[in-house]
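Each remark here refers to the structure printed beneath this line.
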Amino acid sequence: MAEAPSGNADNETDNNAAEAFLQGGSLKHAPGPYFGSYGGRWMPESLIAALDELEETFNKAKEDPEFRAQIADLNKNYSGRPSLLTEAKRFSQHAGGVRIFLKREDLNHTGSHKINNVLGQALLAKRMGKTRVIAETGAGQHGVASATAAALMGLECVVYMGAEDCRRQALNVARMELLGATVIPVTSGSQTLKDAINDALRDWVANVDNTHYLLGTAAGAHPFPAMVRYFHEVIGEEARAQILEQEGRLPDAVCACIGGGSNAIGIFHGFLDDPSVKIYGFEAGGDGVDTGRHAATITLGKPGVLHGARSYLMQDDDGQTIESHSISAGLDYPGVGPEHSYLSDIGRVSYEPITDSEAMESFRLLCRTEGIIPAIESSHALAGAIKVGQRLAAEAAASGGTAQDKIVIVNLSGRGDKDVATAAEWFDLLDKDSAESEIGKEGEQL
Amino acid sequence: MTTAQTTSKSAAAIDKARAEGRAALIGYLPAGYPSVEQTIAAGIALAENGADLIEIGIPYSDPVMDGQVIQAATTEALANGFSVSQVFDVVQGITSSTDAAVLVMTYWNPVVRMGVDEFSRRLAEAGGAGLITPDLIPDEAAEWMEASDKYGLDRVFLVAPSSTPERMQRTVDASRGFVYAVSIMGVTGARTSVSTAAKDVVAAAHAAGAERVCVGLGVSNAGQVREIAAYAEGVIVGTALVAAIRDGGVDAVAALTKDLSTGLSRGTGLTEEEA
C-alpha cells in the first residue's frame, strides 16, 4: 500500500488481502532468502562464503536448546525483558479516544530494541570463532548497542560512522569508546549511514576470517533480514501475550516506525497471522514527501538492489541511491528491509509517511501526557497511532460502538535521552548562545 | 564455460593474445572521469599501447568493492553529472576506433533501473563485449543470463579465494568470455605484492573447466603482470590506471599501459626478447 489509506474502504482491502493470503499459509517465520521477489544476495562473491557460514551457524543455533537458553537468560537478566506493556491513558485522549498501549522497548538496557539483535549476533560471532565484530551506525544507537555486546562477550569492536554524524553525536562516540570500541569516521560518498555500511562491507571483505559484520537492521543480504527479525520476534511475542493477559483480546491495530525496519518487523511478526489486527509501518516523511527531503522508502521508492538485498529503494532514474532526510537519524536510510517490501506489496501491512513536524508534536505530547520521553524514531509511530486511532474511532462511531472498544499497540522502540538536544532546539527551549543550542541546530539539519 | 552458442568478443581477444604467446592485458577506466571525452581518449590510448580488453566502469553511488582511488574518481564523475547512458557513448567511442574488446563493469542496480534487457540491447548496439558484475552472483542472475544470451554478450562473474569448490563450479559454468579471479580478499587498490592466493584461485577455476581466467585486484606494475602472466590467461589493472589518468591524463595512461604490457610474455622472469 504505497498510498496513505484514508478511510474504511482501504482498510477493508488490507484486511481482505491479508485474509486471502493467510488461506495459503502463515506469514510468520519466513525463512528467506526471498520474501516474494525481494531479499536475496546481491553481494560480492568474496562474501558469499561468510554469509553461508553465518546462515548455517544461525540455523543450527536456533534449534539448539543451549543457544535458546543463553538468549533467554541474556534477555531476562541483562536486557531486562520482558519489556512492559503500558497503557497510555492521557495520550489516548488525543487519538480519538481509542486505548493506546505502549510496548516499552525504551526500558531495555541501552535504551532501545537494538540490544535484542546485538546480543544474538554477538553470540553467533562467538560460535563461529570470530574475535572481532564491526558495525555501522547513524546517530550511534546501534554502535553503542554493538559496543555493549562486544564488551559483554569480550570481542573487539569497530564501528563505522559518518564523519558528520561523529561530530554531531560526540557523546555517543564517547559512549562507544568508553565501552572499548573503536569508532572510525567515514568520509567516503555522502558520509552518511549508507556510506558507513559501505565501509563496513569493505572492512568485512578484507577481514572476514576473524570478523563478523554485526548489521543493525533487518536488511542486507540473506540471512540478515530473517536473522535480525528472529532476534526481535520477542517484541511481538511478548506484546501479544501481554495484551491477551491484560485485556483478554487482540489489538485492533499495531503501529511501529520504519527505517531499515527491525523494531517494526519484530513487533509485526507476533501479529502477522492474526487477520483481525491491522498493521501499520510509519516511515520518515522528513520535510514532507512532496519536498524530496524525506526517507519514505516504501511510499515513494522503487524496487532495486542495495547492500545485498532487493527491496524498495530511494533512487534516481539512473539507479543511483538518493540521500534520505529525516530529523530522526535512526530512520534516515534510503533502503528498507525486504520483508517490509513484501508485506507492503501483498497488502498485509500499510506503510505511511509521518513528517518531522508530526513526529515532534507527538514527541512533545507523550512527554507531557505520560511522563515518557520517546526516541524521535518512535515518535513517528506515535504520530501514526494518533491517525490510526482517529480512523478507528470514526469506524466505531459508524457501527454504533465506542472508541474505548478499540485497542492500538505502539512499539515504543527507544527512549529519547539521545534526542534532547535536537528536541530542545526544535521547540526553542535553549539559550541561543549555549553549547547545546549548537548541537541541537546540527541535529535539526540532519 | 559456455562458449559454443555465441562468439565471445572477450574470448577472441584473449585467444589472440594467447596465439602470440602471451597473456592478455585488461585495463580499467571509470566512465566520465575526468570527462566522457577523456575516457574515450584514454580507452583508445590503452588499446594502442598494448591492452587487449578494456573495462569501463559505471560510476555508482555505493561502490562497496572499490578502494579509495576508484571511489574518489567515480564520486567526481557523478558530481560532474555523469549519467548511466553515457557509458554507451564511451563504449561506442572506443570500439569504433580500436579492435579491443570493451566490457562494462557495473554494480547491478543501475542495470536493474534501466531494465536488464534494455541495458543489454544498448550495450550490444554500442559494440560492447559484455558485463563484469562485482555484486551479481550467478544465483541472482537469471534475467542477465537470458539477456546476455539474447544479445550475445559475455557475462564475467567473479571468483574469490573464499569461493568453495561448489561455488567455483557454478560460477565457472555461468560465465562466458572469461572468469574474473579476485586475487585477494579485499577491495580494489594497488598493493605492493600479489597475494599467493591468486595462483590457487586460478588453478581452482581451471580445474573447474574455465578456459580463460584473468586476475584482478591489486595489480599495478609490470613485475606483478609478469608474475600473473605465468599462470593466468589475462591480467587486469585498474587503480594504477585511474591514478595515472588522475595525475597525468591520457599520456600517462599510454605510458603506463606500454610499461605494463612488457610483463605479458609467458615464462617467469624472462623479458620479451628472451622469451
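The values are calculated or read from the model by the stated rules, or taken from the named source; none is laboratory data. It should be emphasised that the depicted structure is a prediction, and the values quoted were computed from it without experimental measurement. As a convention, Cβ positions derive from the backbone with ideal geometry for all residues, glycine included, and neighbour counts pool all protein chains shown.
Side notes on the structure shown:
- Pairs with Cβ under 6 Å, 6+ apart, first in the range A:171-196 and closer than 9 Å to A:VAL159 by Cβ and within 14 Å of chain B (Cβ to nearest Cβ), second of a type outside the set (Val, Ile, Thr) and part of a strand (DSSP E or B): A:ILE184/A:TYR160; A:ALA196/A:GLU136; A:ALA196/A:TYR160; A:ALA196/A:MET161; A:ALA196/A:GLY162
- In this structure, A:GLY347 does satisfy being surrounded by fewer than 24 Cβ atoms within 10 Å (Cβ to Cβ) and in contact with a Ser or Thr (Cβ under 7 Å, 6 or more places away or on another chain).
- Matching residues, the range B:190-199, being within 18 Å of the chain's Cα centre (by Cα) and surrounded by fewer than 18 Cβ atoms within 10 Å (Cβ to Cβ): B:ARG191
- The range A:40-89, residues that are out of contact with any Gly (no Cβ under 7 Å at 6 or more places or on another chain), of a type in the set (D, E, K, R) and closer than 20 Å to A:ALA226 by Cα: A:ASP52, A:GLU53, A:GLU55, A:GLU56, A:LYS60, A:LYS62, A:GLU63, A:ASP64, A:ARG68
- Filter result (crowded, with 21+ Cβ neighbours inside 10 Å and over 17 Å from the mean Cα position of the chain (by Cα)) within the range B:76-92: B:ALA77, B:PHE82, B:VAL84
- Total residues in the range B:141-154 satisfying the condition of being assigned to a loop (DSSP other than H, G, I, E, B) and either within 14 Å of chain A (Cβ to nearest Cβ) or surrounded by fewer than 24 Cβ atoms within 10 Å (Cβ to Cβ) (or both): the figure is 2.
- Single match in A:ILE376, A:ILE346 (criterion: on the phi < 0 side of the Ramachandran plot and in contact (Cβ under 8 Å) with a residue 60 or more places away in the chain): A:ILE346
- The residue of the range A:197-231 that is nearest to the other protein chains (Cβ to nearest Cβ), among those that are of a type in the set (Gly, Ala, Ser) and part of a helix (DSSP H, G or I), is A:ALA206.
- Considering the range B:78-140, the qualifying helices (runs of 4 or more DSSP H), each wholly inside and each with 3 or more residues that are more than 14 Å from every other protein chain (Cβ to nearest Cβ) and in contact with a strand residue (DSSP E or B) (Cβ under 7 Å, 6 or more places away or on another chain), run over B:86-95.
The rows are residues; the columns are (1) modelled with pLDDT under 95; (2) among the small types (Gly, Ala, Ser).
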position: B:MET168; (1), (2): no, no
position: B:ALA190; (1), (2): yes, yes
position: B:GLY209; (1), (2): no, yes
position: B:GLU233; (1), (2): no, no
position: B:VAL237; (1), (2): no, no
position: B:SER261; (1), (2): no, yes
position: B:ARG266; (1), (2): yes, no
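- Checking B:LEU158 against (1) without any contact (Cβ under 8 Å) to a residue 40 or more places away in the chain; (2) out of contact with any helix residue (DSSP H, G or I) (no Cβ under 6 Å at 6 or more places or on another chain), the condition it does not meet: (2)
- Within the range B:168-189, the only residue that satisfies the criterion of being among the basic types (Lys, Arg) and either assigned to a loop (DSSP other than H, G, I, E, B) or over 24 Å from B:VAL112 (Cα atoms) (or both) is B:ARG176.
- Only a single criterion out of (1) crowded, with 17+ Cβ neighbours inside 10 Å; (2) part of a loop (DSSP other than H, G, I, E, B) is not satisfied by A:LYS28, namely (1).
- Residues of the range B:155-164 include at least one that is more than 25 Å from A:GLN315 (Cα to Cα) and more than 11 Å from chain A (Cβ to nearest Cβ).
- Qualifying position, being away from every other protein chain (no Cβ under 14 Å), in contact with a Cys (Cβ under 9 Å, 6 or more places away or on another chain) and either touching a residue at least 24 places away in the same chain (Cβ under 8 Å) or not in a helix (DSSP H, G or I) (or both), among B:ILE40, B:ILE56, B:ILE44, B:ILE26: B:ILE26
- Among the residues making up the range A:305-360, those that are farther than 20 Å from A:PRO374 by Cβ, away from chain B (no Cβ under 14 Å) and of a type in the set (D, E, K, R) are A:GLU339, A:ASP345, A:ARG348.
- The residue of the range B:93-116 that is nearest to B:VAL187 (Cα to Cα), among those that are crowded, with 20+ Cβ neighbours inside 10 Å and among the polar types (S, T, N, Q), is B:THR106.
- Criterion violated by B:ASP66 - all others in (1) within 24 Å of B:GLU227 (Cα to Cα); (2) within 14 Å of another protein chain (Cβ to nearest Cβ); (3) not in a loop (DSSP other than H, G, I, E, B) satisfied: (3)
- Residue that is surrounded by the fewest Cβ atoms within 10 Å (Cβ to Cβ) [pool: residues in the range A:47-93 that are part of a helix (DSSP H, G or I) and of a type in the set (Gly, Ala, Ser)]: A:ALA69
- In the set (1) without any contact (Cβ under 8 Å) to a residue 60 or more places away in the chain; (2) in contact with a Leu (Cβ under 9 Å, 6 or more places away or on another chain), A:VAL205 fails one condition alone, (1).
- Residue ID - surrounded by the most Cβ atoms within 10 Å (Cβ to Cβ), chosen from residues in the range A:210-255 that are without any contact (Cβ under 8 Å) to a residue 60 or more places away in the chain and out of contact with any Asp or Glu (no Cβ under 9 Å at 6 or more places or on another chain): A:GLY236
- Residue match in the range A:250-268 (condition: of a type outside the set (Lys, Arg), over 30 Å from A:ILE184 (Cβ atoms) and part of a helix (DSSP H, G or I)): yes
- Restricting attention to the range B:80-108, the residues that are within 16 Å of B:PHE157 (Cα to Cα) and not aliphatic (A, V, I, L, M) add up to 3.
- You will find that of A:GLY266, A:GLY286, the residue that is on the phi > 0 side of the Ramachandran plot and in contact with a His (Cβ under 9 Å, 6 or more places away or on another chain) is A:GLY286 and no other.
- If the condition is being free of Cβ contacts under 8 Å to residues at least 40 places away in the same chain, out of contact with any helix residue (DSSP H, G or I) (no Cβ under 7 Å at 6 or more places or on another chain) and of a type in the set (A, V, I, L, M), then the range B:92-130 contributes B:VAL112, B:MET114.
- Condition check for B:VAL187: within 11 Å of another protein chain (Cβ to nearest Cβ), under 23 Å from B:ASP62 (Cβ atoms) and buried (at least 24 other Cβ atoms within 10 Å of the Cβ): yes
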